[in-house]
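Chemist: Take this structure first; my questions come after.
Nothing in this text is a laboratory measurement; each read-out follows from the coordinates by a stated rule. Values in this document were obtained by computation on a predicted structure and should not be read as measured data. A quick note on method: Cβ atoms are made from the backbone with ideal geometry, for glycine too, and the neighbour counts reach across all protein chains shown.
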Amino acid sequence: MIMTLISAHDTTVPSTVQARTALRPEDAFDGIAPIDLSLVFKGWHGIFPGVRGSTNQTGEWDHVGASRNPDLTDGSTATETIVEHTRPSSFAYTLVGFTNVLGRLIAGVRGEWTYTPDGDGTLIRWAYEFKPLPRRTALVRHVLVPLWRRYMATSLDVAVEVAERIIAERNATGTGA
């Protein structure tokens with residue numbers, strides 16, 4: 001059973017970025033949803049660690065309830081669980097149990113990627129919703145989120161580039177999704 005991280009009564013702090021790609025929504029989804037996190041999250045200016053890989057993954061990253069532990073370059077980790085998976089339009093996940101400084105600021109995060117048809121391509125939106133710990137909302141809102149949004153934008157651009165490469169290689173070799 002998946003625990004709800006954020007309820008209607010919780011105070012949260014959102015951050016959203018978006019990018020466009022020439023990929024169709026289903027190709028953008030297939031290129032990004034199961035992506036190797038280490039290809040996208042390289043770390044950012046010493047503030048946010050990169051991702052080396054993940055451990056303890058419970059099967060394919062394609063269904064509600066799948067979970068894993070991202071292994072961060074600062075030696076910390078967290079637990080990531082898919083809470084919504086609706087190919088090709090969206091998927092969402094929670095991240096909890098941060099063992100780095102984030103664990104002292106937030107109870108967790110809900111992330112969501114949406115893929116909307118946009119002409120011949122796709123508009124991709126990546127939203128993060130931070131659930132601050134008590135008395136940490138102002139710090140999360142005014143310090144963490146503005147910095148995180150810049151890291152998100154950089155990471156989203158990388159994710160789109162990687163997805164475009166993955167789908168181009170798949171199409172060149174004729175292998176399916």
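Chemist: Given Cα pairs under 8 Å that are at least 6 residues apart, what percent is the relative contact order of the range 13-171?
Modeler: The normalised contact order for the range 13-171 reaches 30 percent.
Chemist: To continue, here is another question. What does the charge count around residue 62 come to, taking other residues whose C-beta lies under 11 Å from its C-beta (Lys +1, Arg +1, Asp -1, Glu -1)?
Modeler: Within the 11 Å Cβ shell, the charges total -1.
Chemist: Size of the dipole of the range 82-177 about the Cα centre, Lys and Arg at +1 and Asp and Glu at -1 on the beta carbon, nothing else charged, in debye to 20?
Modeler: On the way: 12 positive and 9 negative charges, 145 e Å.
That gives the range 82-177 a dipole magnitude of about 700 debye.
Chemist: Also, quick follow-up: With +1 on each Lys and Arg Cβ and -1 on each Asp and Glu Cβ, how big is the dipole of the range 1-103 about its Cα centre, in debye rounded to the nearest 20? Working shown, then result.
Modeler: Numbers: 6 positive and 11 negative charges, 44 e Å.
Once rounded to the nearest 20, the dipole reads 220 debye.
Chemist: Tell me which trypsin sites (Lys or Arg not before Pro) from the range 122-152 have a DSSP coil assignment and no more than 14 other beta carbons within 10 Å of their own.
Modeler: 135
Chemist: Right, next: At 7 Å along Cα-to-Cβ for each site, give me the label-to-label distance between residue 169 and residue 142 in nm.
Modeler: Reported label-point gap for residue 169 and residue 142 is 4.6 nm.
Chemist: In percent, what relative contact order does the range 97-177 have, based on Cα pairs under 8 Å that are 6 or more apart in sequence?
Modeler: Contact order relative to length: 21 percent.
Chemist: With angles folded into 0 to 90 degrees, how steeply does helix 145-173 sit against the dominant principal axis of the chain? Use alpha carbons for both and round to 10.
Modeler: Long axis of 145-173 versus the principal axis of the chain: about 20 degrees.
Chemist: How far, in nm, would the chain grow between residue 118 and residue 24 when pulled straight, counting 0.36 nm per residue and subtracting the alpha carbon separation?
Modeler: 33.0 nm
Chemist: Follow-up. Quick one: 85, 142, fewest Cβ neighbours within 10 Å first, how do they rank?
Modeler: Fewest-to-most ranking of 85, 142: 142, 85.
Chemist: I need the calculated FRET efficiency for the pair residue 16 and residue 86, taking r as the beta carbon distance and R₀ as 25 Å, to the nearest 0.05.
Modeler: Between residue 16 and residue 86 the formula returns 0.85.
Chemist: Å³ per residue of the Cα convex hull, for the chain? Provide the component values of the computation, followed by the final result.
Modeler: Numbers: hull volume 21.1 nm³, N = 177.
It comes to 119 Å³ per residue, whole-number rounded.
Chemist: Sticking with this one: Assuming a viscosity of 0.890 mPa s and a temperature of 25 °C, what translational diffusion coefficient in µm² per second does Stokes-Einstein assign to the range 79-118, Rh being the Kirkwood radius over Cα pairs? Walk me through the numbers on the way to the answer.
Modeler: Numbers: Rh = 11.2 Å.
The estimated diffusion coefficient comes to 218 µm²/s.
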